[in-house]
1. If you stretched the chain out fully between THR14 and LYS67, how much longer would it get, using 0.36 nm times the residue separation minus the C-alpha to C-alpha distance?
2. Any lysines with Cα under 24 Å of the LYS80 Cα? List them, leaving off those in the same chain fewer than 8 positions away.
3. Decide, for the stretch 1-47, between rounded, prolate and oblate: order the square roots of the alpha carbon gyration tensor eigenvalues as a ≥ b ≥ c, take rounded if a/c falls under 1.5, and otherwise choose prolate if a/b is larger than b/c, else oblate.
4. Picking from GLN45, GLN30, GLN74, which is most flexible by a Gaussian network model of the chain using Cα springs under 10 Å?
5. When ILE6, ILE63 are ordered from fewest to most other Cβ atoms inside 10 Å of their Cβ, what list results?
6. Return one number: the angle in degrees, 0 to 90 and rounded to the nearest 10, between the long axis of the Cα atoms of helix 59-69 and the longest principal axis of the Cα atoms of the chain.
7. Of the residues ARG69, ARG55, ARG22, which exhibits the maximal mean-square fluctuation in a Gaussian network model of the chain defined by a 10 Å Cα contact cut-off?
8. Helix-only mean residue ellipticity at 222 nm, the chain, DSSP H runs n ≥ 4 weighted -39,500 (n - 2.57), per residue, nearest 500. What is it?
Amino acid sequence: MEKVRIYQPRKTATQSGRAKTRYWLVEFEQQNPPKNDSLMGWIGQSDTNKQVKMRFSTREAAIDFCKKRGFDYQVTDPKKRKVRPKSYSENFAHGRDKNWTH
């Protein structure tokens, strides 16, 4: 039985937008350990399922896909994003507790 992971990707540190984080991914777990190629010294494996990532618009669609195919799946829910309101003018407020520093 194939093991898969269902998750919603996070935005990378170099991204400012969240466009690629709105879908759900189904990714196969690694079945065989990687091995060294004796000629080139590169690390590789014979399992190509690790290279496959499937996108789904909803979590339920990804779960239904795994159930139909008979995959053993694990769902990882995303953490909620905390939005802290910021204002440039707060740096110069009269009731500010701390001194402004560079």
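Rule-based calculations on the coordinates, nothing more; no lab input. Quick caveat, the model's predicted, so the values are computed rather than measured. Counting neighbours? That spans all protein chains shown, and the Cβs are built from the backbone with ideal geometry, glycine included.
1. So the extension gain works out to 15.6 nm.
2. Output for LYS80: LYS11, LYS20, LYS53.
3. oblate
4. Answer for the Gaussian network model of the chain: GLN45.
5. ILE63, ILE6
6. On a 0 to 90 degree scale, this one is about 10.
7. Looking only at ARG69, ARG55, ARG22, the biggest GNM fluctuation is shown by ARG69.
8. -3500 deg cm²/dmol
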